[in-house]
Amino acid sequence: MSFSRASVWTRAVADLGPNAPQTVENFDEAIKNFVGAHTGTQDRHALVQQLIHPTKPRDLGVQAFYYRLLELNDAISLIPGAAHDAPLNDEQLKQAFYDGMPAIWRERFVNSGSRLTEMARAEVIRYFRDQERDV
């Protein structure tokens, strides 16, 4: 017997209970149930590893790359798995973003005297957007 995504969604909503109010919290719970029906702990671990070691695709802009990292990081909490595969914190996200930039841009960053640990995430993003613009 095969199930469609629609039937899995219907089941995820039904699992909340027949009289569950339509609230943001219940919607979030239904989303978690739905994602949990399609993913597992290995998927969560793989996503965390992908975020820790990203590579910005050549055809993806710096700002879009940053937003994609945020989206993927938010998705981690929807996937069932171990607590040690937690979403990245702000410093880890900043490091992942930096690590995902092209090597020549990172080299210029270091040569400019900039220090990742002393900069806000917005400053780091702005620096690499400037690099992108100069290409």
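Odds and ends about this structure:
- Test: residue in region 33-52 that is among the polar types (S, T, N, Q), open to solvent by less than 50 Å² (accessible area, probe 1.4 Å) and over 30 Å from residue 135 (Cα atoms): yes
- Qualifying residue in region 65-79 (condition: on the phi > 0 side of the Ramachandran plot and not basic (Lys, Arg)): no
- For residue 58: the one exception among (1) open to solvent by 50 Å² or more (accessible area, probe 1.4 Å); (2) among the basic types (Lys, Arg); (3) not in a loop (DSSP other than H, G, I, E, B): (3)
- Pairs, first over 18 Å from residue 127 (Cβ atoms) in region 44-73, second in a loop (DSSP other than H, G, I, E, B) and hydroxyl-bearing (Ser, Thr, Tyr), C-beta under 9 Å, six or more apart: 47/39
- In region 82-119, residue farthest from residue 60 (Cα to Cα) [restricted to those that are of a type in the set (Gly, Ala, Ser) and open to solvent by 50 Å² or more (accessible area, probe 1.4 Å)]: 83
- Filtered by the rule that a residue be assigned to a helix (DSSP H, G or I) and farther than 14 Å from residue 77 by Cβ, region 35-44 gives 37, 38, 42.
- Residues (free of Cβ contacts under 8 Å to residues at least 40 places away in the same chain, open to solvent by 70 Å² or more (accessible area, probe 1.4 Å) and assigned to a helix (DSSP H, G or I)) located in region 120-135: 123, 126, 133, 134
The values are calculated or read from the model by the stated rules, or taken from the named source; none is laboratory data. Keep in mind that what you see is a predicted model, and the values were worked out from it rather than measured. Virtual Cβ from ideal backbone geometry, glycine too; neighbours counted across all protein chains shown. Surface areas here come from the heavy atoms of the whole protein model, side chains and all, with no ligands, DNA or RNA. Shrake-Rupley method; radii C 1.70, N 1.55, O 1.52, S 1.80 Å.
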